[in-house]
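Below: the structure, in structure tokens.
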Amino acid sequence: MSDSPADLILDGTKLAWHLDRVAAWQRGERIAPITIDMALTRACNYACHFCYAMLQENERSQITKQVITDFLDDAAEIGVRGVSLVSDGESTISPVFVDAVRHGSECGLSMACGTNGFVLTEAKAEQVLPHLTYLRINISAGEPARYAEIMGAKEEWFHRVCENIRAMVAIKKRHNLPVTIGMQMVLMPQYRDQILPLARLGKELRPDYLVIKHCSDDEDGSLGVDYGAYEALHDELLAAEALSDAEYRVQVKWSKIRTGDKRSYQRCYGPPFMLQISGSGLVAPCGMLFNQRYEKLHIGNICQQRFKDIFHSDRYWEVMRYLASPRFNAQKMCGSLCLQHKVNEVLDGVQKGRLPLVAQAGPPPAHENFV
């Protein structure tokens with residue numbers, strides 16, 4: 001079976017278990033990403049109210065079976081350790097989804113997926129769960145009517161997703177699979193009425209965990225996230241965490257919720273360790289830079305060029321050096337709470353000599369290759 005809920009690091013980073021990669025980076029070496037977060041398509045069958053993907057539009061190409069096979073082969077060859085299918089599209093609706101998960105696993109990569117769970121019926125789950133490190137279902141409401149409003153879906157889809165989650169949990173138990181099955185709530189302050197209903201729903205469905213996280217916004221505040229309003233949710237969030245038991249954990253991402261739209265660092269060191277790729281095939285340092293208006297920081301496209309060639313290119317490393325230079329200021333030029341935020345906090349501390357990374361004793365945490 002998978003690691004217990006207590007072994008999961010859901011509000012932090014696992015860089016301390018990849019000190020070889022950190023040391024190589026400090027020596028100025030060209031390191032392969034530990035984790036690549038990507039999508040297999042820009043398309044989605046939902047229209048979530050909180051969705052950041054609407055801010056990430058770029059020129060689309062199709063990730064075919066050959067493209068994803070070549071990409072995964074290249075990723076394994078250069079030393080990538082984990083690939084998460086999340087990013088800016090619903091990867092489960094791609095015709096290459098099952099093949100991608102299987103092939104990545106067979107290449108020795110840790111594979112993971114974030115999904116709305118609608119098309120992951122029992123039959124499809126049977127095919128992919130043996131090859132996944134974790135599967136996370138994005139579900140930001142615990143009641144059908146509010147689910148439809150928040151997730152931009154039909155009310156009856158709520159019930160189908162719940163049945164799919166029950167089937168996934170059953171498959172995991174039946175086959176004694178190591179995969180971790182989780183649920184995730186992207187919390188905007190106006191969803192506060194769904195915090196406890198969702199925590200109770202998770203307790204009924206019995207995934208390994210429910211994580212409640214902030215909502216990211218761009219530098220223009222396009223989604224209108226009121227970060228000052230999160231503090232008023234404190235009691236509901238604590239009550240949700242109190243529903244945890246030995247096999248089901250409710251975890252609030254307190255550090256990011258309390259951080260809000262403020263960054264303690266100016267340099268962006270995270271992308272060499274945690275790269276993102278759009279469902280269009282676009283390779284960019286991070287998802288916040290997918291939009292076409294950031295074209296000057298776009299590196300390449302896996303639909304047009306082999307990933308290993310992109311990785312070894314001067315362009316790749318020019319962009320990485322620029323983000324880590326005084327010419328770039330993450331406090332002024334980035335949106336809030338990006339995927340690389342916790343990695344950036346740690347690496348900024350390392351570079352300034354405030355936070356020495358030391359080898360960790362004992363076994364590694366669950367999902368160690370997803371930093």
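The values are calculated or read from the model by the stated rules, or taken from the named source; none is laboratory data. Computed from a prediction, not measured in an experiment: that's the story for all the values here. Note: ideal-geometry Cβ built from the backbone for every residue, glycine included; neighbour counts use all protein chains shown. For accessibility, only protein heavy atoms count, side chains too; no ligands or nucleic acids. Shrake-Rupley method; radii C 1.70, N 1.55, O 1.52, S 1.80 Å.
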Item checked: Beta bridges by DSSP in the chain, antiparallel share as percent, to the nearest 5 -> 10 percent
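Can you tell me the accessible area per residue over the chain, all protein chains present, probe 1.4 angstrom, in square angstrom? The partial results should precede the final answer.
Details: 14630 Å² over 371 residues.
So the chain comes to 39 Å² accessible per residue, rounded to a whole number.
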Check: Whose amide H sits under 5 Å from the amide H of T180, counting only residues 5 or more places off or on another chain, with H placed in the peptide plane?
Finding: Y134, L135
Notebook entry, point to check: By the gyration tensor of its Cα atoms, with a ≥ b ≥ c the square roots of the eigenvalues, what is the shape of region 161-203: rounded for a/c under 1.5, prolate for a/b over b/c, or oblate?
Noted result: prolate
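Do you know the relative contact order of region 1-147, to the nearest whole percent, from alpha carbon pairs under 8 angstrom that are 6+ apart? It would help to have the intermediate numbers written out before the result.
Numbers: 170 pairs, mean separation 32.3, N = 147.
Answer for region 1-147 is 22 percent.
Please give the charge dipole size of region 215-336, origin at the Cα centre, charges +1 on K and R Cβ atoms and -1 on D and E Cβ atoms. Round to the nearest 20 debye. Show your work: numbers first, answer last.
On the way: 15 positive and 16 negative charges, 166 e Å.
About 800 debye.
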Notebook entry, point to check: Setting aside same-chain residues fewer than 8 positions from K296, which lysines have a Cα under 24 Å from its Cα?
Noted result: K308, K332
Next item on the list: Please identify, among M168, M333, M38, the residue showing maximal mean-square fluctuation in a Gaussian network model of the chain using a 10 angstrom Cα cutoff.
Entry: M333
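What does the convex hull of the alpha-carbon atoms of the chain project to on average, in nm²?
Numbers: hull surface 67.1 nm².
Averaging across all directions leaves 16.8 nm² for the Cα convex hull.
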Check: Given the C-alpha centroids of region 15-87 and region 225-290, what is the distance between them in whole angstrom?
Finding: 17 Å
Margin query: Cross-link candidates for K172: which lysines have Cα within less than 24 Å, leaving aside residues fewer than 8 places away along the same chain?
Written below: K124, K203
Margin query: Under a crude label model (7 Å from the Cα following the beta-carbon direction), how far is Q62 from Q331 in nanometres?
Written below: 4.7 nm
Note to self: Using only the alpha-carbon atoms of region 89-156 as identical scatterers, what base-10 log of I(q)/I(0) does the Debye formula give at q = 0.15, 0.21 Å⁻¹?
What the structure shows: -0.53, -0.87
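How much of the accessible area of the chain, probe 1.4 Å, is carbon plus sulfur, in whole percent?
Working: 7160 of 14630 Å².
Whole-percent figure for carbon plus sulfur exposure: 49.
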Check: Normalised by the number of residues in the chain, what is the relative contact order in percent for Cα pairs under 8 Å and 6+ residues apart?
Finding: 25 percent
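With an 8 Å Cα cut-off and a minimum separation of 6 or more residues, compute the relative contact order for region 174-267 in percent. Mind showing how you got there, number by number?
Values: 114 pairs, mean separation 31.3, N = 94.
The value is 33 percent.
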Check: Once fully extended, how much extra length lies between R192 and D226, figured as 0.36 nm per residue of separation less the alpha-carbon to alpha-carbon distance?
Finding: 11.0 nm
Margin query: Using a 4.7 Å cut-off between beta carbons, which cysteines in the chain end up with no partner cysteine at all?
Written below: C44, C107, C113, C162, C215, C268, C286, C303, C334, C338
Notebook entry, point to check: Taking the DSSP beta bridges in region 178-301 as the whole, what percent of them are antiparallel, to the nearest 5?
Noted result: 30 percent
Margin query: Whole percent per 5 Å bin, from 0 to the bin with the longest distance: what is P(r) over all C-alpha pairs of region 22-103?
Written below: 3, 13, 21, 21, 16, 12, 9, 4, 1
Margin query: Compute the distance from the alpha-carbon center of region 300-371 to that of region 113-150, in whole Å.
Written below: 28 Å
Margin query: Explain nothing, just compute: Karplus ³J(HN,Hα) = 6.51 cos²θ - 1.76 cosθ + 1.60, θ = phi - 60°, for every residue of region 147-164 in order, whole Hz, x for Gly and Pro.
Written below: 4, 4, 5, 6, 8, x, 9, 7, 4, 5, 5, 3, 5, 5, 5, 4, 5, 5
Next item on the list: Give me the percent of DSSP beta bridges within region 84-229 that run antiparallel, rounded to the nearest 5.
Entry: 0 percent
Next item on the list: Check cross-link reach from K262 to the aspartates and glutamates: straight Cα distance under 20 Å, and skip same-chain residues fewer than eight apart.
Entry: D11, D217, D218, E219, D220, D226, E231, E345, D348
Next item on the list: Kindly state, as a whole number, the per residue volume in cubic angstrom of the convex hull around the alpha carbon atoms of region 179-225.
Entry: 68 Å³
Margin query: Using a Debye calculation, one point per C-alpha and no hydration shell, please list log10 I(q)/I(0) for region 43-197 at q = 0.14, 0.21 Å⁻¹ in order.
Written below: -0.73, -1.39
Note to self: Tell me which trypsin sites (Lys or Arg not before Pro) from region 222-299 have a DSSP coil assignment and no more than 11 other beta carbons within 10 Å of their own.
What the structure shows: K262
Next item on the list: Starting at the first residue of region 279-284, write each ³J(HN,Hα) from the Karplus equation 6.51 cos²θ - 1.76 cosθ + 1.60 with θ = phi - 60°, in whole Hz, x for Gly and Pro.
Entry: x, 8, x, 5, 9, 9
Checklist line | Phi-based couplings in Hz for region 285-298 (Karplus 6.51, -1.76, 1.60; Gly and Pro marked x) | finding: x, 7, x, 5, 10, 5, 4, 4, 5, 9, 3, 5, 10, 7
Next item on the list: Using the charge dipole of the chain (Lys, Arg: +1 at Cβ; Asp, Glu: -1 at Cβ; taken about the Cα centre), state which of P326, G108, I150 has its Cα farthest towards the positive end.
Entry: P326
Next item on the list: Using a 10 angstrom cutoff on alpha carbons, build the Gaussian network for the chain and name the most mobile of G353, G142, G287.
Entry: G353
Check: Hey, with R₀ at 22 Å, roughly what FRET efficiency would R206 and V119 work out to, going by the Cβ-Cβ distance, to 0.05?
Finding: 0.55
Next item on the list: Would you calculate the separation in nanometres between label points at L238 and Q351, each defined as 7 Å from the Cα along the Cα-to-beta-carbon direction?
Entry: 3.7 nm
